[in-house]
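Notes to accompany the following structure.
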Amino acid sequence: MDLFEYQGKQFFAGYGMPVSPGEIAFTVDEAVAAAERLGTPVMVKAQVHAGGRGKAGGVKFAATVDDVRTHASAILGLDIKGHVVGRVWIEKASDIAEEYYASFTLDRSEKKHLGMLSVEGGVEIETVAEENPDAIAKVWIDPVDGLSESECRSWVAAAGLPDVAVDGTVDILLKLYTAYVEGDADMVEINPLILTPEGQVHVLDAKVTLDANSVFRHEDYAAFDETQSRDERETAAHKIGLQYVGLDGSVGVIANGAGLAMSTVDVISQVGGAAANFLDIGGGADVDTMAGALEVINNDPAVRSIFINIFGGITRGEVVANGIVEALERVTINSPIVIRLDGTNADEGRLILEPHFSGSLQMAPTMLEAAERAVGLTATEGTGA
Amino acid sequence: MSIFVDETTRVVYQGLTGSQGRYYGLLNRDYGTQVVAGTNPRKAGEDVDGIPIFASVAEAVAETGATASCIFIPAPGVHDAVIEAAEGGVKFIVSVTEGVPAHDEARFYNHLRRDFPDVQLLGPNCPGIISPGRCNIGITAGHIALPGGPVGIVSRSGTLTYQALYELKQKGIGCTTCVGIGGDPVPGTSFIDCLAAFEEDPETKAVMMIGEIGGSAEEEAAAFIRDHMTKPVASYVAGVTAPPGKKMGHAGAIVSGGRGTAAAKMDALRSAGVQVGLNPTEAGELMARIVAGL
C-alpha cells in the first residue's frame, strides 16, 4: 500500500519525527484557506502515487495567497504519469541549507533490513547509485537485533554528514527505523531530509509503502487502503478480495495461483493476443469467488473472450466448475469462455461442466491450446456479442 | 533417493484441528506421509481421525518422534508457530500459509539462522514439498506426480509447480523431489538450497527450476548453477508481460525500478547454461529432451 506524501508525514509524525505543519486540500478554495491559516510562504504539492512530481510541475513555491490560488488551480487536475491530481498538500515552506537522503527497506538477497543514507539528497537515489555509488552509506540490520544508537552513529559518520547535522539525523533515523518495523513498512524514504540554515534536521518529503499483509495488526491502515490508485476494474475486484491487475488487452484471464496467472498472461501474448487483466483467484476459491471474478471480467468493456485456467491443488475442480455454472446462472456473460481444468478432482469438475458446453463455453486440453482458442475468439467475436 | 523428506519423515501438523489443516493433513496421510501428530493447546488429548493432538510441538516430538512440522495456522500466528516448531525440536518446517507480514518473515528467518542453524524452513506461502511415492507435505495433489526420477523440481509458484509435475508425468518422467519455495520476499528455503541438495542427490540427474519476476533469486541461482552444478537444468520464468510497479499476486512478484524482470532472469539463466522455455510446456519439452539424452 503506497501512502501519499501527507499520509507518510502523518505516519512519521506519529513516531516523533519533525515534519512541517500543513493541510490537505481537495479544491482551490480549500488550498487558499489552508494557506491563510498556515501563513505564507507555503509549498503547494501534488499528492499522487508517482515519482517525478517536481518535473511535471506538481510542486510549487507560493510566496502569497494569490500564488497559492494560481498554483493550486494549475496542479489540481494535472496528469502526472497517468495519475490525475485530486488533492494538494499545503505546507509551510522551509529554508534549506543542505539536502540528504535516508531510507530503509528489505534487502531480499541478504534477507536483512537495508538502511541507506547519502549527503546527495533531493535527487533520485537510483541516479546517485549509478553515478556516485560511494556517496551512499549502507547499513545491513539483523531484524532480530534491530538498529542500536551506536551502529546508527557509525553509519551517519560513514555518510559524511556535517557535525551540526549528526545528532538530529541519528534521532530521525532511529525513529524512522522504529516506524519501518513497528509500522510494517515495505519501504520508508525521506528525500530530501534537510538541514536548515538554523542547524535543524527536518523531514521534507515522505515516501512510504506499507505491507498489506500486516493490516490485521494495524486497524488504522484501512484508511490508506481507500486511497490506493486503482482503476474502476481494480476497485471492483479489490472490493471482493480478488488479486487483480488491469492490463490493456482483450482476453480476460482467471487463474488460480499467482504464477499460473502470470504464465497465462504470458502465453496469451506468445500466441499473438493480449490479456485484459491478471487475476489470481487464489487457494480455497469457492463459488462466490469464481462468480465474482467472472462478474468483474464481464464488466470490462475491453474483454472479448475469457480464458479460465485452473490447475487444482488447493482449489478443487468441482468447486471451480460449480462456481462457473452458478456464475453463468447469475449473470449474462458477454464473451465466450475457454476453460482449461486439471489437477485435484478435475474429472469431477469436467462432469459438472459438460452439460453446459456450447459455442460460448468450451474446454481445451492444454494451456497453449486454450490460449490460442481464446485469442482466436477475440478476432471473431464483437464486444457484447 | 530424494531431498529433505522421504518415507522416514515423521510429521506433526500445527493446526491439524482447523479445516484446512484437517483436509490436507488427512490427504497427506492418505498419500503415505507419516502424519504422526497434530497440535492445538486447547485440544490436547483429542485426536483427528486417529491422529493424536498435543498441546505443543515439543510434546508431539517427545511423544511421537516427529522430525518435521507442517504449519496450517492463520498468518498472524505463523511467526510464533515457526519458532515453536524449531524450539520443539523438528528439523524441517513447512509453512503453507499465505499473507504473513514480511517483517515477521525476516525476523523468524534470521532467528532460525542464528539459533537453529540445522533447521530448514520451507515457505511461508508455499505449496510444500513432495517426494513422490514417499512423502507429501503440504497442498500438492499427490496423484499428479510420478514417483522415481530422474528430475528434481524447485519452484517459486504453487500452481506452476503442479503444472511442471503434470507435464513431466504426461511424458512418463518421474520426479525425485519437488520443492515449492513460495512467492514471498523472504523464503526460508532458496533456489540455491535446493539446487545444492539436488546436485548432491545421486538419484536426481536433472533439475527443473521455475522462477518468477521480482527480487534477484533467479540471478543468484544462475550464478550458483554456473559455478557449482554439473547436472543439467531447464527453467521457466513467469511474468514476461508483467507491468512494472504492480504486485502480481505474490508479495514477492514485483518489477521495481527496472529490477527483477523476467527478461533479465532468463538472460542470466541462459548464460549459465540453463535451457530456458518460454512457457511451462516448452520448459517441460526441454526437460524431456534432457532426460532422453541422459
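The values are calculated or read from the model by the stated rules, or taken from the named source; none is laboratory data. Source: prediction; values computed, not measured. Here the Cβ positions follow ideal geometry from the backbone for every residue, glycine too, while neighbour counts run over all protein chains shown. With ligands, DNA and RNA removed, areas are computed over all heavy atoms of the protein, side chains included. Shrake-Rupley method; radii C 1.70, N 1.55, O 1.52, S 1.80 Å.
Per-structure values
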| read-out | value |
| --- | --- |
| Residue count, region A:261-293 (criterion: under 21 Å from the mean Cα position of the chain (by Cα) and at pLDDT below 85) | 1 |
| Identity of the residue in region B:261-294, facing chain A (nearest Cβ under 9 Å) and open to solvent by less than 60 Å² (accessible area, probe 1.4 Å), that ends up modelled with the highest pLDDT | B:A262 |
| Residue within region A:238-247 that is farther than 19 Å from A:I306 by Cα and aromatic (F, W, Y) present | no |
| Members of region B:254-294 that are assigned to a loop (DSSP other than H, G, I, E, B) and more than 23 Å from A:G282 (Cβ to Cβ) | B:G257, B:G258, B:T261, B:A272, B:G273, B:V274, B:L278, B:G293, B:L294 |
| Only one of B:V207, B:V233, B:V237, B:V186 that is within 28 Å of B:A288 (Cβ to Cβ) and within 10 Å of chain A (Cβ to nearest Cβ) | B:V237 |
| Output for region A:349-376, where each listed residue is among the acidic types (D, E) and either over 19 Å from B:T159 (Cα atoms) or open to solvent by less than 10 Å² (accessible area, probe 1.4 Å) (or both) | A:E354, A:E372 |
| Scan of region A:208-232 for residues that are farther than 15 Å from A:M187 by Cβ, part of a helix (DSSP H, G or I) and open to solvent by 50 Å² or more (accessible area, probe 1.4 Å), ordered by number | A:V215, A:F216, A:R217, A:E219, A:D220, A:A222, A:A223, A:E232 |
| Selection status of A:G22, exposed (fewer than 15 other Cβ atoms within 10 Å of the Cβ) and not acidic (D, E) | no |
| Condition broken by A:I172, with the remaining ones in (1) more than 11 Å from chain B (Cβ to nearest Cβ); (2) hydrophobic (A, V, I, L, M, F, W, C); (3) part of a helix (DSSP H, G or I); (4) touching a Ser or Thr at 6+ places or on another chain (Cβ under 9 Å) satisfied | (4) |
| Residue within region A:146-160 that is over 20 Å from the mean Cα position of the chain (by Cα) and among the aromatic types (F, W, Y) present | yes |
| Flag if A:N256 is within 9 Å of another protein chain (Cβ to nearest Cβ) and not aliphatic (A, V, I, L, M) | yes |
| Residue, surrounded by the most Cβ atoms within 10 Å (Cβ to Cβ), within region B:95-118, restricted to residues that are at pLDDT 95 or above and small (G, A, S) | B:S95 |
| Any hit, region B:98-113, residues being touching a strand residue (DSSP E or B) at 6+ places or on another chain (Cβ under 7 Å) and more than 11 Å from chain A (Cβ to nearest Cβ) | no |
| Any chance B:L160 is on the phi < 0 side of the Ramachandran plot, at pLDDT below 95, more than 10 Å from chain A (Cβ to nearest Cβ) and open to solvent by less than 10 Å² (accessible area, probe 1.4 Å) | no |
| Yes/no for B:V154 being within 14 Å of chain A (Cβ to nearest Cβ), open to solvent by less than 10 Å² (accessible area, probe 1.4 Å), in contact with an Asp or Glu (Cβ under 6 Å, 6 or more places away or on another chain) and not in a helix (DSSP H, G or I) | no |
| Residue match in region B:136-149 (condition: within 12 Å of chain A (Cβ to nearest Cβ), over 11 Å from the mean Cα position of the chain (by Cα) and in a loop (DSSP other than H, G, I, E, B)) | yes |
| Candidates A:D163, A:D184, A:D205 - the one that is at pLDDT 95 or above, over 22 Å from A:N277 (Cα atoms) and open to solvent by less than 20 Å² (accessible area, probe 1.4 Å) | A:D184 |
| Members of region A:213-243 found to be facing chain B (nearest Cβ under 9 Å) and in contact with a His (Cβ under 8 Å, 6 or more places away or on another chain), listed by number | A:S214 |
| Residues of region B:165-183 that turn out to be in a helix (DSSP H, G or I) and within 10 Å of another protein chain (Cβ to nearest Cβ), as a count | 4 |
| Exclusive hit being in contact (Cβ under 8 Å) with a residue 24 or more places away in the chain, open to solvent by less than 60 Å² (accessible area, probe 1.4 Å) and over 19 Å from the mean Cα position of the chain (by Cα), set B:I53, B:I3 | B:I53 |
| Any hit, region B:68-90, residues being in contact (Cβ under 8 Å) with a residue 12 or more places away in the chain, in a strand (DSSP E or B), away from chain A (no Cβ under 13 Å) and within 11 Å of the chain's Cα centre (by Cα) | no |
| Test result for B:P124, touching a Ser or Thr at 6+ places or on another chain (Cβ under 9 Å), over 25 Å from B:A62 (Cβ atoms) and more than 9 Å from chain A (Cβ to nearest Cβ) | yes |
| Residue within region A:314-326 that is among the acidic types (D, E) and within 21 Å of the chain's Cα centre (by Cα) present | no |
| Long-range neighbours under 7 Å by Cβ, at least six apart or interchain, first residue away from chain B (no Cβ under 14 Å) and within 22 Å of A:N334 (Cα to Cα) within region A:349-368, second open to solvent by less than 40 Å² (accessible area, probe 1.4 Å) and among the acidic types (D, E) | none |
| Long-range neighbours under 8 Å by Cβ, at least six apart or interchain, first residue within 8 Å of another protein chain (Cβ to nearest Cβ) within region B:245-256, second assigned to a strand (DSSP E or B) and open to solvent by 50 Å² or more (accessible area, probe 1.4 Å) | B:G249/A:Q243 |
| In region A:1-17, residue most open to solvent (accessible area, probe 1.4 Å) [restricted to those that are part of a loop (DSSP other than H, G, I, E, B) and touching a helix residue (DSSP H, G or I) at 6+ places or on another chain (Cβ under 7 Å)] | A:Y15 |
| Exclusive hit being of a type in the set (K, R) and surrounded by 21 or more Cβ atoms within 10 Å (Cβ to Cβ), set A:R37, A:R87, A:R69, A:R53 | A:R53 |
| Residue identified as open to solvent by 20 Å² or more (accessible area, probe 1.4 Å) and assigned to a loop (DSSP other than H, G, I, E, B) among B:A251, B:A196 | B:A251 |
| Yes/no for B:L121 being under 18 Å from B:L195 (Cα atoms), assigned to a helix (DSSP H, G or I) and either among the charged types (D, E, K, R) or open to solvent by less than 20 Å² (accessible area, probe 1.4 Å) (or both) | no |
| Any chance B:T204 is over 27 Å from A:V265 (Cβ atoms) and assigned to a strand (DSSP E or B) | no |
